[in-house]
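The block underneath contains the structure these notes are about, expressed in structure tokens.
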Amino acid sequence: MGPYSGGKVSNNMGYGILQMDYEARFKAAVDAVRREGRYRVFADLARKAGDFPHAVNRRPDGDYPVVIWCSNDYLGMGQNPGAIAAVAEAARAYGVGSGGTRNISGTTHLHVILENELADLHGKEAALLFTSGYVSNDATIATVAHILSDCVIFSDAMNHASMIAGVRHSGADKKIFRHNDPAHLEQLLKETDPARPKLIVFESVYSMDGDISPIAAYCDLADKYGAITYLDEVHAVGLYGRRGGGISERDGVADRVTIIEGTLAKAFGLMGGYITGSKNLIDAIRCIAPGFIFTTTLAPPIVAAAIENVRHVRAHDELRQRHQERAARLKYLLTDAGLPVMPSATHIVPVFVGDPVLCKQATDMLLEEHGVYIQPINYPTVPKGTERLRITPTPLHDDELMASLIDALVQVWQDLKLRRAA
């Protein structure tokens, strides 16, 4: 027997040491999540290329058709025929893997093309690809603050977990300003030594409430107090602006933002993250950020598909117009049915529940009885007491599907006696 047996620590030398049941601790952690109503079960889904948002739910008792209503593939680009063809062509030309990090294996020319496309999308000099939006936020924020020694980071209270991770990993002093509150941010800036470097970190669209940050006001404050800005556009890129550059393009302020970060995993239907900015800044991150240096880069087929989808989305503003119309239509139908739609200025359509157990019961009933797939949004994704359904209609959700969704939600709300007021 080795030193680890049955999950307990023993000692072959015979010394008396504490017996520790690690497995019991893991189980206790999961049990605590269950008691709070936060235990997550992943639905076994098979999306159907060419038929999105329809999918198949594979259960122990058989396969059942479902309609997906909570995907972050906001425009349905994960099934774009041009992207599918690009994947196949790139796999035949380059193989299916990148071979390692770009420092070791070099850069597939497709990466160069995609980075040029992304820099152009946001009107910046350069771009840098990462394996995910989480990594791009974490690595870039931490590295920028490290380069700017004695930096102070000013971070919106509702920033994504990946941005919070970057702030923490930077080791820099941080000041948290109230969500979407320029006055509070200015107060914190005033209290900070003018000689210290300053980084203001925020998102454009906050994906759980669907609200939008005052980007221009933050840029004004950055100019006034000698700060630089970091904008996460992941839930807006491809969806706003004439070419899909995000809220910063729509509002005409992209040129005032120091760093714009985005993703390939939402409106572009794939995976991966990126940053855009000046050539010097991007080169510094490329040379120093561990999250870039030590991570195998995106596979060529994914990059080829991303090139196709970025170009397609940029050229087809009618996709964005249809997307906004569908979101507005669904909000109207939900309100008309007396369902508790939470205020949202964007394509995010949150429906209030306010209890984690009831939220999970509602989504289980929708899936099992109505063929509607919506995931419950519970703590820690949102604050306790604000549990909700987060619905994300796409241009492919037609009126018939919306009518069926409303009927299903009304029935579930009646069966569970859920509150009607948000």
remark   = Expressed in angstrom, Rg and Dmax over the Cα atoms of the stretch 39-95 are 14.4, 43
key: Most to least packed among 358-364, 331-337, 127-133 [average Cβ atoms within 10 Å]   = 127-133, 358-364, 331-337
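Return the percentage of antiparallel bridges among DSSP beta bridges fully within the stretch 186-321, rounded to the nearest 5 %. Before the final figure, lay out each step's value.
Working: 6 of 14 bridges.
Bridges in the stretch 186-321 that DSSP calls antiparallel: roughly 45 percent.
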note = Protection proxy (average C-beta count within 10 Å per residue), highest first, orders 297-310, 379-392 as 297-310, 379-392
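In deg cm²/dmol, rounded to 500, what helix-only [θ] at 222 nm does the chain give when every DSSP H run of at least 4 residues adds -39500 (n - 2.57) and the total is split over its residues?
Working: 15 runs with 178 residues, N = 422.
Result for the chain, helices only: -13000 deg cm²/dmol.
Could you check how many percent of all C-alpha pairs in the stretch 287-327 are farther apart than 11 Å?
Working: 596 of 820 pairs.
Percent of Cα pairs beyond 11 Å in the stretch 287-327: 73.
Over the chain, what is the percentage of antiparallel beta bridges among all DSSP beta bridges, to the nearest 5?
Values: 29 of 48 bridges.
Given both bridge residues lie in the chain, the antiparallel proportion sits at roughly 60 percent.
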remark   = Ratio for the stretch 137-250, C-alpha Rg to 2.2 N^0.38 Å, reads 1.01
query = Within the stretch 393-413, whose backbone N sits under 17 Å from a point 7 Å along Cα→Cβ of R59?
reply = 408-409, 412
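Could you work out how much longer the chain between D317 and D193 gets when fully extended? Use 0.36 nm per residue separation minus the Cα distance between them, nm to one decimal.
Details: separation 124, 0.36 × 124 = 44.64 nm, distance 4.46 nm.
That works out to 40.2 nm of additional length.
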query = Just for the Cα atoms in the stretch 102-179, what are the lengths along the principal axes, largest first, rounded to whole Å?
reply = 41, 27, 21
Net dipole in debye of the stretch 171-315 [+1 Lys, Arg Cβ; -1 Asp, Glu Cβ; about Cα centre; nearest 20] = 340
remark   = Taking every other residue with Cβ under 15 Å from the Cβ of C151 and scoring Lys and Arg +1, Asp and Glu -1, one gets +2
ask   = the stretch 280-418: Rg/Rh from Cα coordinates, Kirkwood Rh?
value = 1.11
ask   = Pairs K48/K124; K27/K266; K224/K331; K124/K175; K27/K331; K48/K384: which are spaced more than 30 Å apart, C-alpha to C-alpha?
value = K48/K124; K27/K266; K224/K331; K27/K331; K48/K384
query = Which of the listed residues, V313, A267, T297, is farthest toward the dipole's positive end in the stretch 228-368, when Lys, Arg count +1 and Asp, Glu count -1 at the beta-carbon?
reply = V313
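Compute and list, largest first, the equivalent-ellipsoid semi-axes of the chain from the alpha carbon gyration tensor, each √(5λ) rounded to a whole angstrom. Don't jump to the answer; show the numbers that get you there.
Numbers: eigenvalues 223, 186, 137 Å².
Taking √(5λ) for each Cα gyration eigenvalue gives 33, 30, 26 Å.
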Charge dipole magnitude, Cβ of K and R +1, D and E -1 - the stretch 318-417, Cα centre, debye nearest 20 = 480
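Give me the Kirkwood hydrodynamic radius of the stretch 225-315 in Å, from all C-alpha pairs, to one decimal place?
Details: mean 1/r = 0.0708 Å⁻¹.
Across the stretch 225-315, the inverse of the average 1/r is 14.1 Å.
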message = Which one, A86, A127, G76, projects farthest toward the positive side of the charge dipole computed for the stretch 67-134 from Cβ point charges (K/R +1, D/E -1)?
response = A86
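Values quoted throughout were computed directly from the atomic coordinates according to the rules given, and no laboratory measurement underlies them. Computed from a predicted model, the values in this text were never measured in an experiment. Cβ coordinates were reconstructed from backbone atoms using ideal geometry, including for glycine residues, and neighbour counts include every protein chain displayed.
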